[in-house]
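First the structure, in the form of structure tokens, and then the observations on it.
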Amino acid sequence: MLFRHRRNPDHRRPRSLPSWRYRIAGLAAAALALSFLQANVGNASAERAAADATPKAAADVVRVAEFLAECPYTHRLPDDPIVFPGLPGASHMHSFFGNDTTHAGSDLASLEKGRTSCAPDTDLSSYWVPTLYDGDKEVEPTGTTFYYLGEGVSDDVIRQIKPFPRGLRIVAGNAKATGPQDNTIARWSCLHAGEVNPSQNFVNCPPGTMMESYLDFPQCWNGTDLDSPDHKSHMAYPVNGGCPSTHPVPVPKLRQVLRYPVNGDPARFRLASGPGYTMHGDFFNVWPEEEMAQRVRDCINAVVKCGFDGKP
């Protein structure tokens, strides 16, 4: 007996989804893919930011205890607010760098309100030296770098170096020197001419070079005075890698490096104070305390070479 096969009505082929349902499904899939993409991009950005914020690897750090300030020339005046405070015109001519408001009457309060030529512009300190003359013409340096160093003392002392106190005044060199033997701190040399030996007096630099002045300031403080009657007794130079008991607080060594666009016969040159061996420098500290402290901690105590921004 033959039976006709009847299709079960409950087993029908599924009907096609309406086109609007496909569109919704497609949009949902696209949104899900976009969210995954954004998450991955966000993670990559976060990883890059973290990498940028990560300190330089130890292999990339130069192990020199140093930070610096670049402070171009600002102005000239026959003033000296450390040696002749409040007496305009009482000094020989000085060339000033950094704080451009410096004059005979300058003090900490007035300098704090001033402007600066320095990089970083947080350094409101004032630096000055006797003006250099080529014959009767004033010559100003085109390179003006002030290094803050941990050298000159032993490694254990470097870790103990403290920031300069705000308002500290320091004078280095001997403006009254009568011969090279009276000033062993200041020295002259030639940029890119190492064959010319450094000297306490001017040197004969070959054509195409520049004459340089180096001056190291004392780096041991008595811990009490921001100045002294002779403007030197509150500071001292290290002895055998450490600070003497009379000046127990180690502070950064300030090294002043000036590059003058002159060369040739040194007989043409003189300073406002006299021969080359009378070179001297004055420093009036107006660094913000937190800026100075950060650099001493992260650059000098840590023995890391930093730029003017206080970073490796």
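Things worth noting here:
- Ranked packing of 268-275, 93-100, most packed first, by mean Cβ within 10 Å: 93-100, 268-275
- Evaluated at q = 0.10 Å⁻¹, the base-10 log of the normalised Debye intensity for segment 213-312, with identical point scatterers placed on the Cα atoms, takes the values -0.39.
- Ignoring lysines fewer than eight residues from residue 113 along the same chain, none have Cα atoms less than 17 angstrom from its Cα.
- Vicinal HN-Hα couplings computed from phi for segment 118-123 (Karplus, 6.51 cos²θ - 1.76 cosθ + 1.60; Hz; Gly/Pro x): 6, 10, x, 7, 7, 7
- Note on residue 176: lysines with a C-alpha under 19 Å away, same-chain residues under 8 apart excluded, are 232.
- Shape category assigned to segment 159-259 from the gyration tensor of Cα positions, a/c cut at 1.5: prolate
- Packing-based ranking of 122-134, 152-164 yields 122-134, 152-164, ordered from highest to lowest mean Cβ neighbour count within 10 Å.
- Centroid-to-centroid separation of segment 218-260 and segment 88-144 [C-alpha atoms, Å]: 21
- With K and R counted +1 and D and E -1, the other residues having a Cβ less than 11 Å from that of residue 233 yield a net charge of -2.
- Annotation: peptides 144-150, 221-227, ranked by per-residue average of other Cβ atoms within 10 Å with the highest first, follow the order 144-150, 221-227.
A short reminder: the numbers here are calculations on the coordinates, not readings from a lab. Computed from a predicted structure; not experimentally measured. For neighbour counting, all protein chains shown are included, and Cβ atoms are generated from backbone atoms with ideal geometry for every residue, glycine included.
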